[in-house]
Amino acid sequence: MAIFYPFKNNGVFFMLLLWIVVSSVWGRPATFNQDFHVTWSEPHIKQIDQGRTIQLTLDQGSGCGFASKVKYLFGRVSMKIKLVPGDSAGTVTAFYMNSDTDSVRDELDFEFLGNRTGQPYTVQTNIYAHGKGDREQRVNLWFDPSADFHTYSILWNHHHIVFYVDEVPIRVYKNNEAKGIPYPKMQAMGVFSTLWEADNWATRGGLEKINWSKAPFYAYYKDFDIEGCAIPGPTTCSTNPKNWWEGVEYQALSAIEARRYRWVRMNHVIYDYCQDKSRYPMTPHECLSGI
């Protein structure tokens with residue numbers, strides 16, 4: 001695997017060929033097996049097109065899941081996912097990063113909540129920092145995510161965390177440690193995905209139950225892309241300001257991204273813990289920081 005970096009010297013552009021190994025900056029695995037392994041119910045995960053696409057299956061017997069072989073500290077992860085079609089109420093397709101630590105957990109979640117046929121798919125995001133979560137936000141997607149593949153990405157650097165849907169930012173969590181707000185930066189996180197049954201809460205708070213007559217349920221993944229500092233690896237990688245995801249253009253949303261973000265917030269957000277006075281009579285400090 002190789003990545004080319006252009007640099008300038010005496011007015012002449014050269015191309016520096018850097019061979020990337022698993023102990024340093026890693027990016028763009030060619031197949032599922034290169035960077036991932038099955039963590040739960042291998043018979044329910046099928047590899048297609050020589051591992052470039054995988055099918056996850058949920059039936060009454062089991063759901064399934066997979067995870068990256070190593071953890072990463074900062075960078076960007078993305079996957080193209082085609083979600084469960086039709087009557088998917090009670091199902092949850094998840095794509096997330098997790099420190100896999102019991103006591104002080106860091107986690108960045110995409111959870112796609114199934115619905116009845118014809119109703120919009122909801123994506124729930126959540127952030128755990130230093131063991132504290134309960135930061136749920138829900139967005140109704142503006143397209144049918146089961147009709148085709150769409151790209152879902154998490155950008156994580158020293159400045160902010162951004163959740164993207166097809167390059168549209170739907171959530172921003174800024175690093176406000178200076179104000180005493182926890183921010184995940186000390187623990188590496190693995191990349192995980194699962195398809196499972198959660199009809200006690202997933203659809204309309206558990207009112208809509210899973211219809212097992214529609215099983216099995218399928219979700220599809222492809223174009224696995226991880227670019228970050230693999231742990232264990234060089235100790236200087238995660239603090240290197242020359243990593244592309246730490247660049248000036250990634251330290252805040254661009255003007256175009258900010259407009260897209262405001263559009264999502266105005267038109268598609270259906271729940272935001274920041275506005276939930278029953279849970280938080282006093283607005284959490286991180287909710288006042290903007291983007």
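Model label points for SER62 and ASP49, set 7 angstrom from Cα along the Cα-to-Cβ axis, are 2.6 nm apart.
Estimated at 0.36 nm per residue, the fully extended path between MET266 and SER278 surpasses their Cα-Cα distance by 2.2 nm. Coupling constants for the stretch 236-241 follow from the phi torsions by the Karplus curve (6.51 cos²θ - 1.76 cosθ + 1.60, θ = phi - 60°), and in residue order they are 8, 4, 5, 9, 6, x Hz; glycine and proline get x.
Where the centroid of each part is defined by its Cα atoms, how far is the stretch 138-162 from the stretch 71-119 in Å? Between the Cα centres of the stretch 138-162 and the stretch 71-119 lies a distance of 10 Å. Using a 4.7 Å Cβ-Cβ cutoff, the cysteines of the chain lacking any partner cysteine are CYS64. By the rule of a C-alpha distance below 22 Å, with chain neighbours fewer than 8 residues away ignored, the lysines paired with LYS214 are LYS46, LYS82.
Straight-line reach from LYS71: taking Cα to Cα under 17 Å and skipping same-chain neighbours fewer than 8 places apart, the lysines in range are LYS185. Loop-located trypsin sites (Lys or Arg not before Pro) in the stretch 214-291 (DSSP state other than H, G, I, E, B) with a sparse environment of at most 14 neighbouring Cβ atoms within 10 Å: LYS242, LYS277, ARG279. Need the list of lysines near LYS277 for cross-linking: C-alpha distance under 26 angstrom, and skip anything on the same chain fewer than eight residues off. Excluding near neighbours in sequence, the set is LYS132, LYS174, LYS179.
The numbers here are math on the coordinates, done by the rules we state, and not lab data. Worth saying up front: this structure is predicted, and the values here are computed from it rather than measured. Note: ideal-geometry Cβ built from the backbone for every residue, glycine included; neighbour counts use all protein chains shown.
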